[in-house]
Amino acid sequence: MGIRFKFASRILSICLLSLIVGTQAVAALRTGHKTTGTKSTPAADDAILDWTSTKGSGKKAATSDGPEPISTPATSLKTSAPVKKAEKTAKMDESDLNDLEAAVKQIRAESVTVDLKSVGDFIITLRKQVTDHSDDPSLRLKLGTYLYIAGDYEGAASEFRHVNRLKQESVAGHALLARVLGEAGEPEASSLEFKRALSIAPGAEVVHYLFANSLAARGDMSEAINEYRRSVGIKPTAVALTGLSEALITMQDVDGAVKAARQAVSLEPNSSEAHVALTKALIQAGDIQPAIRTAREALLLNPNSSESHIAMARTLYATQKVDAAIEELKQAVSLDPLNYEARNDLGYALYNRGEVQNAVNEFRLSLRLNPRFAEARNNLEIAIFGLSGRKPRQGH
């Protein structure tokens, strides 16, 4: 009897539960809502600025002090109030982008005046911290960044892969891994990682900028120009405009190069890189006197930059001051012995001063530093075989 009573009670409970659920379903149908058992998220804002013409849109990002927040994936359900989980994700993405921008700035700063001893000490400290907190993606990102600065590409790639495993949608992890793979000679894997980063944060101008640099380094100038323009279209920066200017010079769009470089100088008047880019563009345009002024400004802003000395040397050579140009190029090589453009330009100047053997040595060093540098290859051939009617080419 007791068993039957329990069974009957269960049947009654099921019937009551069915009646309650049915009533809620009817109410939901009347008000136009679904009962799915999960919370809905607001629809995504899929408006992404994309500068695809040389003129550009002229629009700036909505915020001037950081990257645009990443929108959440669109769903078929909408609610009037945002879901807390979606808010948390947006903040995490913004923090990740900030980490990426900080890493890129650190790499750029260290590449100019790298102190390997301090970098090595910092790597040791970070390794100890990572040992104690192996699941901290931020620590691993910092360690990977400094390993990259030190030239340990394999170690850097390993740390960035750890970041991606710990934080699946890490824009910083994928973008920095892409950069390392590109410089390690794996262009396809690099492009794949950049595309993964952009699928997570399509509105991140720093990722478009890094992708453009990678494409330019491998000689894909048309795609590089597109990526530079996308970066500038989202948020104009001096570094992206500088890269765009140099890419346009390669494609012989001198007017576009001058315009982009002038915009870079306007955005960051204290940027030696922007002044160097403008100097190169003005030389190509034949405006030598303005080029001399911008080259001097670049040297004043950063006398320890090999690029500033190269820019000054090119203006001196353009005014037939070959000996002075050679001295500037020797300073550039002294500051950065691995600068393949400085080596090529020095060889070019030495050849035209009649020092053919010294020129050959410089062209060889330039080509060893960058085997894909066509100008150094052509110049080496000319210098060795002394082809009649041809002279070595100075860098752009």
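The values are calculated or read from the model by the stated rules, or taken from the named source; none is laboratory data. Fair warning: this is a prediction, and the values are worked out from it, not measured in the lab.
Taken together, the residues in the stretch 308-328 that are of a type outside the set (Gly, Ala, Ser) and within 28 Å of the chain's Cα centre (by Cα) amount to 4.
Each row is one residue, and each column tells you yes or no for (1) among the polar types (S, T, N, Q); (2) at pLDDT below 90; (3) within 21 Å of the chain's Cα centre (by Cα).
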{"site": "Thr79", "(1), (2), (3)": "yes, yes, no"}
{"site": "Lys91", "(1), (2), (3)": "no, yes, no"}
{"site": "Lys105", "(1), (2), (3)": "no, yes, yes"}
{"site": "Val112", "(1), (2), (3)": "no, yes, yes"}
{"site": "Ile149", "(1), (2), (3)": "no, no, yes"}
{"site": "Phe160", "(1), (2), (3)": "no, no, yes"}
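For Leu300, state whether it is in the same structural domain as Gly173 (by TED's automatic domain parsing) and aliphatic (A, V, I, L, M). No; evaluated as a whole, the condition is false for this residue.
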